[in-house]
Amino acid sequence: MKTKRWGNVWEEKVKHQGEVGIIHGTNSNMGRVLKQLEKDMEFISSWALPSIPLGGNILDCGTGPMARYAVGFSKLGYKVTGVDVSPTTIKLARGWAQKAGQKIDFVNANLVDLSKISGKFDFLFCIETFGHIPSYLSLKTLEQFNKKLKMGGHGFIQFWVDKEKPFMRLLYEFLYFSALKIKKMFTPVFHVNVSSYTSEEIEDMCKSTGFEILKNERGYYLLKKIRNI
Ligand SMILES: C[S@@+](CC[C@H](N)C(=O)[O-])C[C@H]1O[C@@H](n2cnc3c(N)ncnc32)[C@H](O)[C@@H]1O
């Protein structure tokens, strides 16, 4: 069977699994998604948002079906554009933004080609998404991020950092993938691409695509665009 791990796999996944399945996987629930959002917004507000001019514009890359961060930024007074590869996700995201009373622009595009998004941004945000881009396209994606940022603009990117796994993690993964194998017999499952990088690789990728790393914590990287590419 042909295996799809990126691109329109997200469209199929969201149709079967809805908002929670896309954001946290099928073992989670809306309560947990909202709780994590609250914690993350608190962290992002103190850690990264001071770098953005008040009322500045933000591009949320891989905005997701709840546009949860896009809505959060919009509530704080920023002008937000959310981009996602899945049309159904964009439709759901519009609904969440409307419900929250926030005016957000949404664009259906793949992060490897952001040419249909006009203008340049003060801040580019990419959480829970960059690792879903196959590694052979990661530089191309970072180049697109560079092109969409103003000079001196900032990026907040979550990378999945490759580290040696402790025994308990290996055990968890064994149990998780075994359970998935069984689940697959009863319901469709969607394998999405997962790419992780060592911190040296992240430094190289950022440097070669015109970014300076200002700080990083737990895989969250705050970048500054220092040259055009
Ligand atoms: C795990 S979800 C995270 C969503 C959102 N950032 C959040 O945390 O709520 C990943 C999202 O990225 C989108 N996505 C995955 N690959 C993409 C790509 N190459 N271009 C644009 N969007 C992509 C998916 O459709 C999905 O909505």
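Each reported figure results from applying straightforward, stated rules to the coordinates on display, with no laboratory input. Remember, predicted model here, so these are calculated numbers, not experimental data. Cβ: placed from backbone, ideal geometry, glycine included. Neighbour counts: every protein chain shown.
For the residues ASP84, ASP122, ASP113, ASP162, what sequence is obtained by ranking on other C-beta atoms within 10 Å, fewest first? If you can, show how the numbers build up before the last one.
Values: ASP84 29, ASP122 19, ASP113 11, ASP162 14.
Starting with the residue having the fewest Cβ neighbours, the order is ASP113, ASP162, ASP122, ASP84.
Among VAL80, VAL112, rank each residue by its count of other Cβ atoms within 10 Å, from fewest to most, as a rough exposure measure. Provide the component values of the computation, followed by the final result.
Working: VAL80 27, VAL112 16.
Exposure proxy ranking, most exposed first: VAL112, VAL80.
Looking at the square roots a ≥ b ≥ c of the eigenvalues of the Cα gyration tensor of region 5-87, which shape do they give, rounded for a/c under 1.5, prolate if a/b is larger than b/c, or oblate? Mind showing how you got there, number by number?
On the way: a/c = 2.76, a/b = 1.56, b/c = 1.77.
Note, shape of region 5-87 comes out oblate.
I need the phi-derived Karplus couplings for region 185-199: 6.51 cos²θ - 1.76 cosθ + 1.60, θ = phi - 60°, integer Hz, Gly and Pro marked x.
Computed from phi, the couplings for region 185-199 are 6, 10, 8, x, 10, 10, 8, 9, 5, 10, 10, 10, 9, 6, 5 Hz.
Around GLU128, which amide H atoms from residues at least 5 apart in sequence, or from another chain, sit under 5 Å from its own amide H, with H modelled in the peptide plane?
Hits under the 5 Å cutoff: GLN158.
Are there any GluC sites (Glu not before Pro) in region 159-215 that are in a DSSP loop and have at most 12 other Cβ atoms within 10 Å? List them by number.
Details: sites: GLU164, GLU173, GLU200, GLU201, GLU203, GLU212; in loops: GLU164.
Those satisfying the criteria are GLU164.
State, to one decimal in nm, how far the label point of GLU212 lies from the label point of SER199, with both points 7 Å from Cα in the Cβ direction.
My value for the distance between the label points is 2.0 nm.
Dipole of the chain (Lys/Arg Cβ +1, Asp/Glu Cβ -1, origin at the Cα centre): which of GLY95, VAL194, VAL33 lies farthest to the positive side?
GLY95
Whose amide H sits under 5 Å from the amide H of PHE121, counting only residues 5 or more places off or on another chain, with H placed in the peptide plane?
LEU149, LYS150
Starting from the Kirkwood Rh over alpha-carbon pairs, what translational D in µm² s⁻¹ does region 9-225 have by Stokes-Einstein at 37 °C and 0.692 mPa s? Walk me through the numbers on the way to the answer.
Working: Rh = 18.0 Å.
The calculation lands on 182 µm²/s.
Using the beta-carbon distance between LEU54 and MET151 and R0 = 25 Å, what value does 1/(1 + (r/R0)^6) give for FRET efficiency, to the nearest 0.05?
Numbers: r = 19 Å, r/R0 = 0.76.
After rounding, the FRET efficiency stands at 0.85.
Hey, rough spin-label estimate for LYS165 and HIS16, points 7 angstrom out along Cα→Cβ, what's it come to in nanometres?
With each label point 7 Å from Cα toward Cβ, the separation is 2.2 nm.
Can you tell which of GLY62, GLY155, GLY219 shows the greatest fluctuation in a Gaussian network model of the chain with Cα springs below 10 Å?
The residue that fluctuates most here is GLY219.
Once every DSSP H run of n ≥ 4 in the chain is given -39500 (n - 2.57) and the sum is divided by its residues, what mean residue ellipticity at 222 nm do you get, rounded to the nearest 500 deg cm²/dmol?
Calculated mean residue ellipticity at 222 nm is -13000 deg cm²/dmol.
May I ask for the distance between the Cα centers of region 213-229 and region 74-89, given as a whole number of Å?
A separation of 21 Å, based on Cα centres.
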